[in-house]
Every structure is written in C-alpha cells, then in structure tokens.
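Here is the structure we will look at.
The values are calculated or read from the model by the stated rules, or taken from the named source; none is laboratory data. Remember, predicted model here, so these are calculated numbers, not experimental data. All Cβ positions, glycine included, derive from the backbone under ideal geometry; neighbour counts span all protein chains shown. Surface areas here come from the heavy atoms of the whole protein model, side chains and all, with no ligands, DNA or RNA. Shrake-Rupley method; radii C 1.70, N 1.55, O 1.52, S 1.80 Å.
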Amino acid sequence: MQTFHSFGSNHSKGCSIFINKTLNNEIIDFTCDSDGRFVLLNIRIFEYIYCILNMYAPNDKRSRHAFYADMLNNLST
C-alpha cells in the first residue's frame, strides 16, 4: 500500500490518500500542507493522469473561505 499523509495534531485534522500497490501507477507529484488540511496527488494510471485531492476544511466560516481560496490557487498551479 502506498500512503500519502498530511498530519494534523493528535486530536484533530489530518488527511491521507492510500493507493493499492498492485495498481499500475506512477506518482507525478505529491503536495501536502504542514497543518494537516490537504493532500494533493498527481498520478498516472495507465495512459491517464489524475489529480486526487483529499482535504479537511476549517469549521469556521471565515477561515473556510480563505482555505478554499488558497486551495484554488494550489490547484491552478
């Protein structure tokens, strides 16, 4: 099993993506934050390239809007 993590604290946050090692794939790029909020994985499976994102947005409305704006910026690059 291939695992990609962004660790939060012991009691909150944290994201992971798990890829079965029998899947024929190539990891192109892996990005995560140090706050445990997102894991972004660009992966080639056969001839197709996929962008897989797992994110844990803040509960506070104001923080959530800023988080989504940052995520849009990360995805565009």
Checklist entry - Are any residues in the range 29-77 farther than 10 Å from SER6 by Cβ, among the β-branched types (Val, Ile, Thr) and touching a residue at least 24 places away in the same chain (Cβ under 8 Å), and if so, which ones? => result ILE43, ILE52
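Based on what the data block shows, is ARG64 of a type in the set (Lys, Arg), surrounded by 10 or more Cβ atoms within 10 Å (Cβ to Cβ) and touching a Phe, Trp or Tyr at 6+ places or on another chain (Cβ under 8 Å)?
Here the answer is no, as ARG64 does not meet what is asked.
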Next on the checklist: Filter the range 43-77 down to the residues that are farther than 25 Å from ASN25 by Cα and basic (Lys, Arg) and list them by number.
Outcome noted: LYS61, ARG62, ARG64
Checklist outcome for this item: By residue number, the members of the range 31-55 that are open to solvent by 90 Å² or more (accessible area, probe 1.4 Å) and either within 23 Å of SER12 (Cβ to Cβ) or of a type outside the set (D, E, K, R) (or both) are SER34, PHE46, TYR48, ILE49, TYR50
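So, restricting to strands (runs of 3 or more DSSP E) that lie completely within the range 1-67, which ones have at least 2 residues that are farther than 18 Å from THR77 by Cα? So that I can check it myself, show each step before the final result.
On the way: elements: 2-6, 15-19, 25-32, 38-45, 48-55.
Fully inside the range 1-67 and qualifying: 2-6, 15-19, 25-32.
Identify the residue in the range 4-30 that is in contact with a Ser or Thr (Cβ under 9 Å, 6 or more places away or on another chain) and open to solvent by 60 Å² or more (accessible area, probe 1.4 Å) and, among all such residues, is nearest to LEU53 (Cα to Cα).
Just the residues of the range 4-30 that are in contact with a Ser or Thr (Cβ under 9 Å, 6 or more places away or on another chain), to begin with: 4-7, 13-19.
Filter once more, so that each one left must be open to solvent by 60 Å² or more (accessible area, probe 1.4 Å): 7, 13, 18.
Numbers: PHE7: 15, LYS13: 15, PHE18: 12 Å.
Per the stated criteria, the residue is PHE18.
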